[in-house]
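Okay, so here's the structure we're looking at.
The values are calculated or read from the model by the stated rules, or taken from the named source; none is laboratory data. The structure displayed is predicted, hence computed values, not measured ones. Quick reminder, even Gly has a Cβ in these numbers, built from the backbone with ideal geometry, and neighbours come from all protein chains shown.
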Ligand SMILES: Cc1ncc(C[n+]2csc(CCOP(=O)(O)OP(=O)(O)O)c2C)c(N)n1
Ligand SMILES: [Mg+2]
């Protein structure tokens, strides 16, 4: 990566941070309702991995902490914010909310509330890609607690057996809601868990975007070359509670302090400044520009967009439920 690429990644991570912080405020202002899971602390994971792939062409799927993944795939941040505001212009027409961002045009396949739900879907997408002989791959992000779901083991077994082009990326932030990983999981180092399926795996520092990018390049190259699935574990940390309804009282303040010293944005910023590739002034301008963009383009778009119409409540429901609704035969 050259200096220009690193600066772009710095901007993308800072944008993600500011976007998520603004979501927090909008939630407190009651402009966003329902569930909201934020991403600060983990920015280098989604942005670093997808930088090594072909965002917008490769198929990406994740859980409910999904805004940044969608934006890196090419989703319009205004449409993501409008979705959070429950508006018709949202990426899921305001029907999905934070956990169900979806952007088929950019091959962002969601956004799932069900822990473990995306694993078999990713394997299915990869199976389709293989059958069609496509060059694209599937990339499935997951949490450390999600790996205890049965679907994880079922999907990885089939992915390995059929040598499917799928990359599983575990964002290990050490917690599943309020439960620390060593209280829920027998083998805490997640990359070791996939040896039973003969899937190559690696573990890397998820706070250092250059390391994430380098590891992801190898992982993506492996999968794209037809050698079957790969599992990448990223060691990371979320700064906020699990969701907006989590008071975050279960973590030691000292642990939080230690992780904040390894902030992915600050680490890359300082490295660029030390190398003489960025000035403090340039960084401030970058930040101001991002804050202005969010305040002047993203938030007003979401605010001014119309609510979905009540008459259209049943529109976009996939099943043909007319007979049920109109009293027809079962
Ligand atoms: C099938 C299912 N079981 C339980 C839940 C409740 N739940 C929501 S998030 C979560 C923990 C997931 O933690 P992790 O996979 O580590 O992801 P993180 O939130 O840390 O990103 C649980 C158990 C759910 N959403 N779906
Ligand atoms: Mg977790």
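Quick notes on this one:
- The listed residues are 146, 113, and the only one of them that is surrounded by fewer than 19 Cβ atoms within 10 Å (Cβ to Cβ), under 18 Å from residue 238 (Cβ atoms) and under 16 Å from the mean Cα position of the chain (by Cα) turns out to be 113.
- Listed by position, the helices (runs of 4 or more DSSP H) contained in the range 100-210 that have at least 3 residues being within 12 Å of ligand 1 (Cβ to nearest atom) are 150-161.
- Condition check for residue 282: surrounded by 10 or more Cβ atoms within 10 Å (Cβ to Cβ), over 24 Å from the mean Cα position of the chain (by Cα) and not in a helix (DSSP H, G or I): no
- Scan of the range 73-102 for residues that are closer than 30 Å to residue 153 by Cβ and away from ligand 2 (no atom under 16 Å from the Cβ), ordered by number: 73, 92, 96, 97, 98, 100, 101, 102
- Options 70, 4, 26; residue that is part of a helix (DSSP H, G or I) and surrounded by 23 or more Cβ atoms within 10 Å (Cβ to Cβ): 70
- Residue 105 vs. criteria closer than 27 Å to residue 80 by Cβ, without any contact (Cβ under 8 Å) to a residue 40 or more places away in the chain, more than 16 Å from ligand 2 (Cβ to nearest atom) and out of contact with any helix residue (DSSP H, G or I) (no Cβ under 9 Å at 6 or more places or on another chain): yes
- The range 162-181 residues that are closer than 24 Å to residue 264 by Cβ and modelled with pLDDT of 95 or more, paired with ones that are in a strand (DSSP E or B) and near ligand 2 (Cβ under 7 Å from one of its atoms) (beta carbon under 9 Å, 6 or more apart): 170/143; 171/143; 172/143; 173/143; 175/143; 176/143; 181/172; 181/175
- Residue check for residue 131: surrounded by fewer than 24 Cβ atoms within 10 Å (Cβ to Cβ), modelled with pLDDT of 95 or more and away from ligand 2 (no atom under 16 Å from the Cβ): yes
- Comparison of 292, 311, 297 shows that the only residue that is modelled with pLDDT under 95 and part of a helix (DSSP H, G or I) is 311.
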